[in-house]
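Student: First the structure, then my questions, so here it is.
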Amino acid sequence: MGHDVKELQKVRAFEHPGEGRKRAKATPKGRQVDPYAAEEIERLLGDRSRRRDLLIEHLHLIQDTYHQISAAHLAALADAMKLSFAEVFETATFYAHFDVVKEGDPAIPPLTIRVCDSLTCAMLGAEKLLGELQSKAGPGVRVVRAPCVGRCDTAPAAEVGHNFVDHATTETVLAAVKRDDTHAHLPKYVDYAGYTAKGGYKLLQKLRSGEMPKEDLLKALDNASLRGLGGAGFPTGRKWRAVLGEPGPRLMAINGDEGEPGTFKDRFYLETDPHRFLEGTLIGAYVVEASDVYIYLRDEYPAAREILEREIAKLPAGGPTLHMRRGAGAYICGEESALLESIEGKRGLPRHKPPYPFQVGLFGQPTLINNIETLWWVRDIVERGADWWKSHGRNERQGLRSYSVSGRVKSPGVKLAPAGVTIRELIDEFCGGMADGHSFRAYLPGGASGGILPASMDNIPLDFGTLEKYGCFIGSAAVVVMSDKDDIKGAALNLMKFFEDESCGQCTPCRVGTEKAARLMQQRNWNRELLDELSQVMRDASICGLGQAASNPLTCVIKYFPDEFSPKEAAE
């Protein structure tokens, strides 16, 4: 009733096809490592650590050296770091500033010109500049679009290598190329000697010596009601207490990924008075007992990065170890958990919460995350007192705010003004009025995701909690002023395309929603009912703030700018 021997052999051969035969010589699976590429990677890395969290730093080394990243270099780097090729490849291709060249693709020209095409630059002629440069740049030069580079006050902006050309024209950009002016220029700033000569680091010394108890410092922050100035507005003192309440060891991470179109205040503070930020950082690290601090700075700020590296080297020994981490062109890394992922050398994908970063943060440890400007104010508030801070403010608001103002005003820039100032006060008192020939028509109170309001709503205090009932928010106080010469619907489309490009792709409502919304907004007549429905889904179901807030400008245009729509659209 059984099989004969031959039948059993057939069955066995089918189930175990390699059995009974001589095994073929094993060959390594995956991509093979080119010995020349391996030698180049070893030379580049030198005695640097091969830790997993340094992957993005090592990718920057390759990009800076070869102006591109080949598949052979990716494979060699993966081998050197004991990582899979897929892991290295997916990280490199996630970030916009890594030019990954696949096998068979032509080499990338040695010099890249990036032209910012975000809202303020677009309003001031970026599209024309881009087209002219693409036709005139010549061989050996690549001209590409770039999202906001944090120089909205000098729009339009272009980047030649790592040197920015402000108020860029075709002539000035090509002149920089001809001069080979491709390295960051350092502005004048207060260095370590200048800062300490005016009382710098005395507050930190008082804390470390025990002359000032931690609790007194925390009470000063509480009494001043200092809130996170990166956009979320969470009370600073309460955040520090929450981290301190978690079991150690603890870490600290600095969010310097200022990528919101219209925002440039952090760059201004780092390029003028960096030690005020560094002292605030060291104070925060001391309070929460963080052994290491990771400063994550966007790649578009090469001058600020060089300044920090120089000045950190001058700090006396002792205290936490400060690590510089370089972003690579991903707006999503401004979200706190995506920031942590990027510091760990991974793609910047937001984490699901809970747990929150103050509980399980960087490398799985409780982590204090603060914005650059928040820490910049710590010394002044503690030394001058909460009453000094609260003495500023208008329209029943308290404190100071750093408004990044750009667009159709005579004097754009970072404007230190009382919290609660209105847009009309900001334009007239701090920006010299509207630019010649322009009439005030609309404004963004809080950057790309903060919504758009008409000039008729010019009496709203610009501060936390005052704009939400209008479908807007202050965020990082990035104010873009628009005039009668600007296309409001076109501005909303520009912002939606930015969010479409910057979506990390992890969740469908954001990934598909931004793309679908941009397509619908490109149509001559907007399907407002469908756009409203799509916006609601994005707000309700997106994982993080990017998708949740991406439709704010769109819904504001529909609600507050009826004149933008044709009679046919209005009837629908």
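Student: Determine the dipole magnitude for segment 424-471: charges of +1 sit on the beta-carbon of Lys and Arg, -1 on that of Asp and Glu, nothing else is charged, the reference point is the Cα centre, and the result goes in debye to the nearest 20.
Tutor: Numbers: 3 positive and 7 negative charges, 45 e Å.
I would put it at about 220 debye.
Student: Let me ask something else. Based on the Kirkwood radius over alpha-carbon pairs, what is the Stokes-Einstein translational diffusion coefficient of segment 213-302 at 25 °C with 0.890 mPa s viscosity, in µm²/s?
Tutor: Numbers: Rh = 14.2 Å.
So the translational diffusion coefficient is about 172 µm²/s.
Student: OK, next. If we sort 228-234, 295-301 on the protection proxy, mean other Cβ atoms within 10 Å, highest first, what's the order?
Tutor: Numbers: 228-234: 21.0, 295-301: 24.3.
In decreasing order of mean packing, 228-234, 295-301 become 295-301, 228-234.
Student: Which of TRP388, VAL409, ILE56 sits closest to the plus end of the dipole of the chain, meaning its Cα is farthest towards the positive end, when Lys and Arg get +1 and Asp and Glu get -1 on the C-beta?
Tutor: ILE56
Student: Compute the helix-to-body angle for 126-136: its Cα long axis versus the longest principal axis of the chain, expressed 0 to 90° and rounded to tens.
Tutor: The angle comes out near 50 degrees.
Student: OK, next. I'd like the Kirkwood hydrodynamic radius of segment 143-186, using the inverse of the mean 1/r over distinct C-alpha pairs, in Å.
Tutor: Working: mean 1/r = 0.0945 Å⁻¹.
Evaluated over segment 143-186, this radius sits at 10.6 Å.
Student: While we're here: Going through the cross-link list LYS206/LYS239; LYS415/LYS469; LYS239/LYS353; LYS214/LYS239; LYS219/LYS390, which pairs have a Cα-Cα distance over 18 Å in this structure? If you can, show how the numbers build up before the last one.
Tutor: On the way: LYS206/LYS239 22 Å; LYS415/LYS469 25 Å; LYS239/LYS353 16 Å; LYS214/LYS239 14 Å; LYS219/LYS390 14 Å.
Beyond 18 Å between Cα atoms: LYS206/LYS239; LYS415/LYS469.
Student: Here's something else I'd like to know. If you scale each eigenvalue of the Cα gyration tensor by 5 and take the root, what three semi-axes come out for segment 159-276, rounded to whole angstrom and sorted largest first?
Tutor: Working: eigenvalues 294, 74, 32 Å².
Taking √(5λ) for each eigenvalue gives 38, 19, 13 Å, largest first.
Student: Would you kindly calculate the mean projected area, averaged across all directions, of the convex hull enclosing the Cα atoms of segment 477-547, in square nanometres?
Tutor: 5.4 nm²
Student: Please list 530-536, 248-254, 278-284 highest first by mean number of surrounding beta-carbon atoms within 10 Å per residue.
Tutor: 278-284, 248-254, 530-536
Student: Moving on to the next point. Taking the Cα centre of segment 439-572 as origin and charging only Cβ (+1 Lys, Arg; -1 Asp, Glu), how large is the dipole, in debye to the nearest 20? Before the final figure, lay out the partial values.
Tutor: Numbers: 13 positive and 18 negative charges, 31 e Å.
Around 160 debye, computed over segment 439-572.
Student: Quick one: dipole size for segment 241-378, taken about the Cα centre, charges +1 on Lys/Arg Cβ and -1 on Asp/Glu Cβ, in debye to the nearest 20.
Tutor: Details: 15 positive and 20 negative charges, 52 e Å.
My answer is approximately 240 debye.
Student: With 10 Å bins from zero, work out the P(r) of segment 62-114 over every alpha carbon pair and list the percent per bin.
Tutor: 24, 58, 17, 1
Student: Give me the Kirkwood hydrodynamic radius of segment 349-473 in Å, from all C-alpha pairs, to one decimal place?
Tutor: Numbers: mean 1/r = 0.0597 Å⁻¹.
The answer is 16.7 Å.
Student: Ok, one more. Taking a quarter of the surface of the Cα convex hull of the chain, what do you get in nm²? Walk me through the numbers on the way to the answer.
Tutor: Working: hull surface 144.1 nm².
That works out to 36.0 nm², a quarter of the Cα hull's surface.
Student: Moving on. Place +1 on the Cβ of every Lys and Arg and -1 on the Cβ of every Asp and Glu in the chain, take the dipole about the Cα centre, and give the residue among GLY319, GLY545, PRO302 whose Cα lies farthest towards its positive end.
Tutor: Farthest along the dipole direction, towards plus: GLY319.
Student: While we're looking at this one, here's another question. If a/c stays under 1.5 just call it rounded; otherwise compare a/b with b/c (prolate if a/b is bigger, oblate if not). Do that for segment 328-377, with a ≥ b ≥ c from the square roots of the Cα gyration tensor eigenvalues. Write down the numbers at each step before the final one.
Tutor: Numbers: a/c = 1.83, a/b = 1.08, b/c = 1.70.
The shape class here is oblate.
Student: Helix 488-502 sits at what angle to the longest principal axis of the chain, using alpha carbons and giving 0 to 90 degrees rounded to 10?
Tutor: Helix 488-502 and the main axis of the chain meet at about 40 degrees.
Student: Still on this model: Given segment 89-163 reduced to its alpha-carbon atoms as identical point scatterers, what log10 I(q)/I(0) does the Debye formula return at q = 0.14, 0.19, 0.24 Å⁻¹?
Tutor: Reported log10 I(q)/I(0), two decimals: -0.50, -0.84, -1.12.
Student: Then there is this: Taking the chain as the reference, fit the longest principal axis to its C-alpha atoms, fit the long axis of helix 274-288 to the helix C-alpha atoms, and give the angle between the two in degrees, 0 to 90, nearest 10.
Tutor: Compared with the principal axis, the helix lies near 70 degrees.
Student: I would also like to ask the following. Report, in cubic angstrom per residue, the convex hull volume of the C-alpha atoms of segment 310-417.
Tutor: On the way: hull volume 22.9 nm³, N = 108.
Given the Cα convex hull of segment 310-417, per-residue volume reads 212 Å³.
Student: Related question: Please identify every one of the trypsin sites (Lys or Arg not before Pro) in segment 146-242 that sits in a loop by DSSP and has no more than 13 other beta carbons within 10 Å of its own beta carbon.
Tutor: Values: sites: ARG151, LYS178, ARG179, LYS188, LYS198, LYS202, LYS206, ARG208, LYS214, LYS219, ARG227, ARG238, LYS239, ARG241; in loops: ARG151, ARG179, LYS188, LYS198.
Qualifying residues, ordered by number: ARG179, LYS188, LYS198.
Student: I've got another one for you. When only Cα pairs under 8 Å and 6 or more residues apart are kept, what is the percent relative contact order across the chain? Before the final figure, lay out the partial values.
Tutor: Details: 1047 pairs, mean separation 66.3, N = 572.
It comes to 12 percent, rounded to a whole number.
Student: Output needed for segment 276-360: three equivalent-ellipsoid semi-axes, defined as square roots of 5 times the C-alpha gyration tensor eigenvalues, in descending order, whole Å.
Tutor: Working: eigenvalues 107, 67, 17 Å².
Three semi-axes, in Å: 23, 18, 9.
Student: Now for a separate question. Please compute the Kirkwood hydrodynamic radius of segment 96-218 from all pairs of different C-alpha atoms, in Å with one decimal. Before the final figure, lay out each step's value.
Tutor: Working: mean 1/r = 0.0572 Å⁻¹.
Mean inverse Cα-Cα distance, inverted, gives 17.5 Å.
Student: How big is the convex hull of the Cα atoms of segment 428-572, per residue, in Å³? Present the calculation step by step, with values, prior to reporting the outcome.
Tutor: Values: hull volume 16.6 nm³, N = 145.
Residue-normalised Cα hull volume stands at 115 Å³.
Student: Once a ≥ b ≥ c are taken as the square roots of the eigenvalues of the Cα gyration tensor of segment 244-397, is the result rounded (a/c under 1.5), prolate (a/b larger than b/c) or oblate (a/b not larger than b/c)?
Tutor: Numbers: a/c = 1.28, a/b = 1.21, b/c = 1.06.
Because its axes are fairly even, with a/c under 1.5, segment 244-397 counts as rounded.
Student: For segment 354-425, what does the equivalent ellipsoid look like in terms of its semi-axes, each the square root of 5 times an eigenvalue of the Cα gyration tensor, given largest first in whole Å? Don't jump to the answer; show the numbers that get you there.
Tutor: Numbers: eigenvalues 184, 67, 27 Å².
Computed over segment 354-425, the values are 30, 18, 12 Å.
Computed from the coordinates by the stated procedures, all read-outs in this text should not be read as laboratory data. For clarity, every value in this text was computed on a predicted model and none was experimentally measured. Cβ sites come from the backbone with ideal geometry, for glycine too, and all protein chains shown count toward neighbours.
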